[in-house]
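Below: one structure, written as structure tokens.
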Number of protein chains: 2
Amino acid sequence: MARNITPKETDYSQWYLDIIKVAELADYAPVRGCMVIRPTGYSLWESIQKHFDDAFKETGHVNAYFPVLIPNSFLEKEAEHVEGFSPECAVVTHAGGELLEEPLVVRPTSETVIGHMYSKWIQSWRDLPILINQWANVMRWEKRPRLFLRTSEFLWQEGHTAHATEEEAMEETLKMLEVYRRIMTEILAIPVIVGEKTAGERFPGAVNTYTCEAMMSDKKALQAGTSHFLGQNFSRAFDIQFQNQKGEQEYAWTTSWGVSTRLIGALIMTHSDNDGLILPPRVAPVQVAILPISTNDSVMEEQLLPRALEFSDKLDQMLGGRFTFVDKQFHMRPGDRFFYHLQKGVPLRLELGEKDLAAGTVRAVRRDTGSKEDIPFENVPLRVKALLEDIHKNLYTRALDFRIANTFSASTLEELKVIVEEKGGFVETYFAGTPEEEKKIREETGATPRCMPLNDTCTGTCFLTGKPHARKTIFAKAY
Amino acid sequence: MARNITPKETDYSQWYLDIIKVAELADYAPVRGCMVIRPTGYSLWESIQKHFDDAFKETGHVNAYFPVLIPNSFLEKEAEHVEGFSPECAVVTHAGGELLEEPLVVRPTSETVIGHMYSKWIQSWRDLPILINQWANVMRWEKRPRLFLRTSEFLWQEGHTAHATEEEAMEETLKMLEVYRRIMTEILAIPVIVGEKTAGERFPGAVNTYTCEAMMSDKKALQAGTSHFLGQNFSRAFDIQFQNQKGEQEYAWTTSWGVSTRLIGALIMTHSDNDGLILPPRVAPVQVAILPISTNDSVMEEQLLPRALEFSDKLDQMLGGRFTFVDKQFHMRPGDRFFYHLQKGVPLRLELGEKDLAAGTVRAVRRDTGSKEDIPFENVPLRVKALLEDIHKNLYTRALDFRIANTFSASTLEELKVIVEEKGGFVETYFAGTPEEEKKIREETGATPRCMPLNDTCTGTCFLTGKPHARKTIFAKAY
Ligand SMILES: [Zn+2]
Ligand SMILES: [Zn+2]
């Protein structure tokens with residue numbers, strides 16, 4: 001039934017790109033590695049943004065905007081950090097028709113410039129906490145771009161907070177991790193494992209990095225969002241000091257956390273099938289497509305279309321926004337109209353033809369299961385509501401079941417290697433190795449430690465080094 | 001009464017910067033000419049954005065995102081356009097650790113790259129119209145930056161539409177001009193004159209440029225938003241062709257339109273006074289500040305604060321969002337707390353002390369007039385609503401009266417020069433000169449043609465050339 005989509009079993013990578021193409025989510029830009037986010041993709045990003053932004057504001061955060069260009073010297077201040085990004089930078093050397101005295105880097109992240117401003121704004125404990133978030137474009141040059149997953153430019157949010165105490169900063173780090181987990185599971189229907197990164201996978205400069213890890217439908221892992229406890233590392237590098245209540249000068253405790261347009265990639269690879277995109281209802285810009293169908297113009301204009309618009313109004317009212325779309329693409333064949341919405345991932349399609357009208361019912365078709373049912377007119381709002389809730393649950397459960405079915409245990413390097421090669425998926429084990437040992441595992445198996453789950457405090461013997469009290473750790477190949 | 005603010009009569013330019021500083025709207029960034037938009041300023045931008053974005057969507061537009069870097073060759077495609085921007089460009093020459101084969105320009109505007117994508121997306125009349133808007137950062141290198149008015153980087157929206165017919169494109173151009181006018185007057189309370197630009201002030205490449213021109217409180221003009229009818233100029237430069245209903249290839253008709261963070265500068269210079277910022281209620285992120293005041297902790301906690309929170313809930317419900325702020329800065333003296341909100345431009349302040357509580361009233365203080373009144377508890381929502389409406393009206397009328405009082409007529413170059421030098425303000429005249437003659441006028445008087453008002457179709461003899469049938473034109477010094 002798929003049109004213009006390579007089956008995922010044939011070529012997963014091509015399937016992914018085909019989904020993006022037929023749903024018109026994005027396109028490659030004329031600049032290497034950059035993307036154009038097309039209206040359908042951008043409306044999805046707006047919907048994702050709104051859920052996160054509301055949650056940030058509810059937890060006391062405010063938005064601000066910092067400059068896109070950063071003096072090169074700023075990146076040198078914090079040596080450890082630079083090593084992480086330097087080859088990825090796009091560098092402005094000329095501006096205003098002149099060679100610049102100091103090159104400027106297009107922000108790969110705004111830690112440094114925000115740190116610089118915080119050192120100016122923060123004087124006393126009364127100025128703390130500072131709870132700022134920024135929605136912005138960032139740039140990390142990519143040699144092998146992949147739409148939404150790795151592009152030279154992408155959109156994201158970066159939270160940067162400064163606190164008077166270590167405890168408060170750690171609380172913030174975990175609070176935002178929980179915000180991420182909640183939205184990913186409850187809105188995006190993506191099951192995630194919440195955990196701590198191992199030393200080798202930590203954000204450069206962070207004391208601790210926490211992550212939400214998801215399993216894609218090819219069994220590879222995708223890091224969907226991270227929250228960093230930076231201790232006093234950044235405040236030392238950027239001289240963010242404040243006078244505490246005792247009158248002493250102290251370095252502030254900082255955090256940072258971010259999610260990006262990569263989440264769109266995660267949505268595609270978690271839920272979609274060989275027919276195209278599948279969107280979970282709570283994040284779908286169009287939750288219900290309503291299609292009046294008839295070749296009889298007067299029936300269409302006098303009966304079907306008015307009825308479709310009436311359903312649209314009622315459903316929008318119930319859904320609390322404009323989440324329905326009345327399809328008026330009458331120049332297209334009904335089958336093409338069905339496929340249009342199916343490929344765009346619309347969770348529920350309501351078809352209304354002359355026979356339906358006579359029967360006083362509308363035909364509802366679920367995107368996730370393809371199942372159909374006829375709903376009496378008077379039941380439409382309530383039944384649609386229930387169906388949308390069920391679609392969310394089904395998508396979440398389906399993805400969770402898939403992850404559980406593809407999670408294995410290993411107690412030796414050989415076992416890990418065999419599982420990764422032959423089955424794929426997540427591999428649970430106990431691990432207490434160094435970053436060098438992580439590198440060795442990666443070279444031998446292709447897998448990296450994704451995280452040490454927070455809700456699993458069991459310890460055991462390290463599968464690699466034999467050290468005792470090693471923490472439960474998940475390994476997988478990752479995007 | 002002003003604190004840390006230079007009176008506008010002493011030094012307008014410093015007054016403007018002081019307002020921004022005390023209201024914490026923005027700060028200079030460590031990169032020349034760039035700004036940091038602080039949380040108070042950014043929440044104002046978010047409020048402005050929301051009003052425009054809603055109106056764009058209501059008129060059928062969708063958002064999308066195009067890359068921040070543009071190949072230098074794109075800017076050369078359309079020679080006329082380049083001349084307008086080239087010295088303003090920031091140029092990326094290195095990326096990924098290598099010298100790029102072709103330099104990339106940080107977008108000064110996205111016409112070129114959007115044109116490039118449109119040429120790929122548009123094949124047939126069925127693909128038209130394309131009604132896309134982008135919210136983005138853009139960069140035009142500034143040697144003499146001024147926060148919100150001229151910064152090397154700023155935030156804006158740029159609408160870019162393509163149509164099958166000239167009529168439809170012209171209709172779109174004027175429709176968006178009207179959207180701008182409506183929001184500027186009805187939300188920002190900024191009276192604007194809607195008009196057409198003269199040839200010398202037109203956007204490079206445009207057939208017609210339309211503008212909303214406002215008068216600032218120093219009598220200078222500020223171009224608050226523009227809408228361009230581009231004819232087929234851009235579609236020829238970027239090969240945007242489509243097959244029309246007759247089966248012929250035709251170039252599309254395009255438009256573009258934009259407003260930017262400059263509107264924040266316009267808000268400041270239209271409404272504010274020597275005490276600080278004044279925000280019109282409909283765009284103010286905080287419309288009402290509620291201040292419980294007492295040195296008695298138990299009265300505060302048991303009586304005043306609960307009452308303040310109750311008012312806050314009721315008012316938010318009435319206003320349809322979180323537009324109130326309950327001030328809990330109890331470590332500050334009452335006078336400092338009043339000033340805090342006054343300097344941030346909050347339209348209405350409600351003070352609630354022990355005496356007010358006893359009398360069953362709350363004291364309301366208007367930011368625009370300073371007038372005070374005691375409102376009985378039960379009348380608070382209705383009276384606040386009426387006061388906010390009146391504040392909007394008063395701010396608009398005050399600005400309109402100011403503009404009318406500072407608009408003069410001239411019928412010779414000498415008159416124009418004298419008015420501009422001695423009085424300032426807008427000067428109405430009839431003009432039919434060339435771009436070279438506009439330049440001459442500018443050199444002699446400092447004034448430029450701001451626009452030819454759309455609602456004034458009178459013609460007369462050109463004040464400069466003596467040509468007949470010249471259109472009514474407004475001249476002024478401008479930001
Ligand atoms: Zn950084
Ligand atoms: Zn351009």
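The values are calculated or read from the model by the stated rules, or taken from the named source; none is laboratory data. This one's a predicted model, so the numbers in the text were calculated from it and none came from an experiment. Glycine also receives a Cβ, built like all others from the backbone with ideal geometry; neighbour counts cover every protein chain displayed.
Quick one: in segment B:315-347, of everything that is under 21 Å from B:Thr295 (Cβ atoms) and of a type in the set (A, V, I, L, M, F, W, C), which residue is farthest from the other protein chains (Cβ to nearest Cβ)? Spell out the reasoning first.
Initial filter on segment B:315-347 (under 21 Å from B:Thr295 (Cβ atoms)): B:326-341.
Adding the requirement that they be of a type in the set (A, V, I, L, M, F, W, C) leaves B:326, B:330, B:332, B:338-339.
On the way: B:Val326: 14, B:Phe330: 12, B:Met332: 10, B:Phe338: 19, B:Phe339: 17 Å.
The selected residue is B:Phe338.
Do we find a residue being more than 20 Å from A:Ala199 (Cβ to Cβ) and polar (S, T, N, Q) anywhere in segment A:410-429?
yes
Could you check, for segment A:105-112, whether at least one of its residues is assigned by TED's automatic domain parsing to the domain that holds A:Thr59 and away from ligand 1 (no atom under 16 Å from the Cβ)?
Checked against the condition, which is being assigned by TED's automatic domain parsing to the domain that holds A:Thr59 and away from ligand 1 (no atom under 16 Å from the Cβ), segment A:105-112 yields no hits at all.
For segment A:329-350, state whether one or more residues are of a type in the set (Asp, Glu) and touching a Phe, Trp or Tyr at 6+ places or on another chain (Cβ under 8 Å).
No, every residue in segment A:329-350 fails to be of a type in the set (Asp, Glu) and touching a Phe, Trp or Tyr at 6+ places or on another chain (Cβ under 8 Å).
Please return the ranges of strands (runs of 3 or more DSSP E) entirely within segment B:54-166 where 3 or more residues are within 9 Å of chain A (Cβ to nearest Cβ) and within 16 Å of ligand 2 (Cβ to nearest atom).
Values: elements: B:69-71, B:90-95, B:98-106, B:130-139, B:153-163.
The strands (runs of 3 or more DSSP E) meeting that bar are B:69-71, B:98-106, B:130-139.
Hey, among A:Gly446, A:Gly425, A:Gly460, A:Gly466, which residue is touching a residue at least 60 places away in the same chain (Cβ under 8 Å) and among the small types (Gly, Ala, Ser)? Quick ask: steps written out before the conclusion?
On the way: A:Gly446 fails: touching a residue at least 60 places away in the same chain (Cβ under 8 Å); A:Gly460 fails: touching a residue at least 60 places away in the same chain (Cβ under 8 Å); A:Gly466 fails: touching a residue at least 60 places away in the same chain (Cβ under 8 Å).
The unique qualifying residue is A:Gly425.
Quickly run through segment A:185-218 and pick out the residues that are under 19 Å from A:Asp53 (Cβ atoms) and touching a Gly at 6+ places or on another chain (Cβ under 7 Å). Outline the logic, then answer.
Quick first cut of segment A:185-218, residues under 19 Å from A:Asp53 (Cβ atoms) only: A:185-188, A:190, A:212.
Across segment A:185-218, the qualifying residue is only A:Cys212.
Does A:Ser43 satisfy the criteria of being out of contact with any Cys (no Cβ under 9 Å at 6 or more places or on another chain), in a helix (DSSP H, G or I), within 11 Å of another protein chain (Cβ to nearest Cβ) and surrounded by fewer than 23 Cβ atoms within 10 Å (Cβ to Cβ)?
Details: out of contact with any Cys (no Cβ under 9 Å at 6 or more places or on another chain): yes; in a helix (DSSP H, G or I): yes; within 11 Å of another protein chain (Cβ to nearest Cβ): yes; surrounded by fewer than 23 Cβ atoms within 10 Å (Cβ to Cβ): yes.
When the stated conditions are applied, A:Ser43 passes them.
Just for segment B:3-33: of the residues that are of a type in the set (A, V, I, L, M) and in contact with a helix residue (DSSP H, G or I) (Cβ under 6 Å, 6 or more places away or on another chain), which one is farthest from A:Arg107 (Cα to Cα)?
If we filter segment B:3-33 for residues that are of a type in the set (A, V, I, L, M), which is where we start, we get B:5, B:17, B:19-20, B:22-23, B:25-26, B:29, B:31.
Among the residues that remain, those that are also in contact with a helix residue (DSSP H, G or I) (Cβ under 6 Å, 6 or more places away or on another chain) are: B:5, B:19, B:22-23, B:25-26.
Working: B:Ile5: 34, B:Ile19: 29, B:Val22: 28, B:Ala23: 27, B:Leu25: 22, B:Ala26: 19 Å.
Checking each candidate, the answer is B:Ile5.
Just one of B:Asp327, B:Asp316, B:Asp356 is closer than 16 Å to B:Val384 by Cα, in contact with a strand residue (DSSP E or B) (Cβ under 6 Å, 6 or more places away or on another chain) and free of Cβ contacts under 8 Å to residues at least 40 places away in the same chain; which is it?
Numbers: B:Asp327 fails: closer than 16 Å to B:Val384 by Cα; B:Asp356 fails: closer than 16 Å to B:Val384 by Cα.
Only one candidate qualifies: B:Asp316.
Could you check how many residues of segment B:408-433 are surrounded by fewer than 17 Cβ atoms within 10 Å (Cβ to Cβ), outside any loop (DSSP other than H, G, I, E, B) and polar (S, T, N, Q)?
Going through segment B:408-433 one residue at a time, the tally reaches 1.
Please verify whether segment B:186-202 includes one or more residues that are on the phi > 0 side of the Ramachandran plot and either in a loop (DSSP other than H, G, I, E, B) or β-branched (Val, Ile, Thr) (or both). Quick ask: steps written out before the conclusion?
Taking segment B:186-202 and keeping what is on the phi > 0 side of the Ramachandran plot, we get B:189.
Cutting the leftovers down to either in a loop (DSSP other than H, G, I, E, B) or β-branched (Val, Ile, Thr) (or both) gives us B:189.
There is at least one residue in segment B:186-202 that is on the phi > 0 side of the Ramachandran plot and either in a loop (DSSP other than H, G, I, E, B) or β-branched (Val, Ile, Thr) (or both).
Which number in (1) crowded, with 17+ Cβ neighbours inside 10 Å; (2) within 30 Å of A:Gln317 (Cα to Cα) marks the one condition that A:Pro381 misses?
The single condition A:Pro381 does not satisfy is (1).
Among the listed residues A:Arg307, A:Arg322, which satisfies the condition of being outside any helix (DSSP H, G or I) and assigned by TED's automatic domain parsing to the domain that holds A:Leu382? Lay out the reasoning, then the answer.
Details: A:Arg307 fails: outside any helix (DSSP H, G or I).
After applying the criteria, what remains is A:Arg322.
Residues to consider are A:Glu158, A:Glu153; find the one that is modelled with pLDDT of 95 or more and farther than 22 Å from A:Arg38 by Cα.
Details: A:Glu153 fails: farther than 22 Å from A:Arg38 by Cα.
Going through A:Glu158, A:Glu153 in turn, just one is modelled with pLDDT of 95 or more and farther than 22 Å from A:Arg38 by Cα: A:Glu158.
Tell me, please, whether a residue that is closer than 30 Å to B:Leu279 by Cβ and either buried (at least 18 other Cβ atoms within 10 Å of the Cβ) or at pLDDT below 95 (or both) can be found in segment B:434-441. Spell out how you get there, then give the answer.
First pass over segment B:434-441, keeping only residues closer than 30 Å to B:Leu279 by Cβ: none.
No, segment B:434-441 has no match at all.
Considering every residue within segment A:249-258, establish whether at least one is more than 30 Å from A:Glu167 (Cα to Cα) and among the polar types (S, T, N, Q). Quick ask: steps written out before the conclusion?
Keep residues of segment A:249-258 that are more than 30 Å from A:Glu167 (Cα to Cα), which gives none.
Checking segment A:249-258: not a single residue is more than 30 Å from A:Glu167 (Cα to Cα) and among the polar types (S, T, N, Q).
Could you say whether any residue in segment A:397-408 is within 14 Å of chain B (Cβ to nearest Cβ) and more than 21 Å from A:Gln303 (Cβ to Cβ)? Don't jump to the end; show me each part of the working.
Taking segment A:397-408 and keeping what is within 14 Å of chain B (Cβ to nearest Cβ), we get none.
No - not one qualifying residue is present in segment A:397-408.
Which residues, taken from segment A:25-40, are more than 8 Å from chain B (Cβ to nearest Cβ) and either farther than 24 Å from A:Trp141 by Cα or buried (at least 22 other Cβ atoms within 10 Å of the Cβ) (or both)?
From segment A:25-40, those more than 8 Å from chain B (Cβ to nearest Cβ) are A:25-26, A:28, A:32-33, A:40; that's our starting set.
Answer for segment A:25-40, where residues must be more than 8 Å from chain B (Cβ to nearest Cβ) and either farther than 24 Å from A:Trp141 by Cα or buried (at least 22 other Cβ atoms within 10 Å of the Cβ) (or both): A:Leu25, A:Ala26, A:Gly33, A:Thr40.
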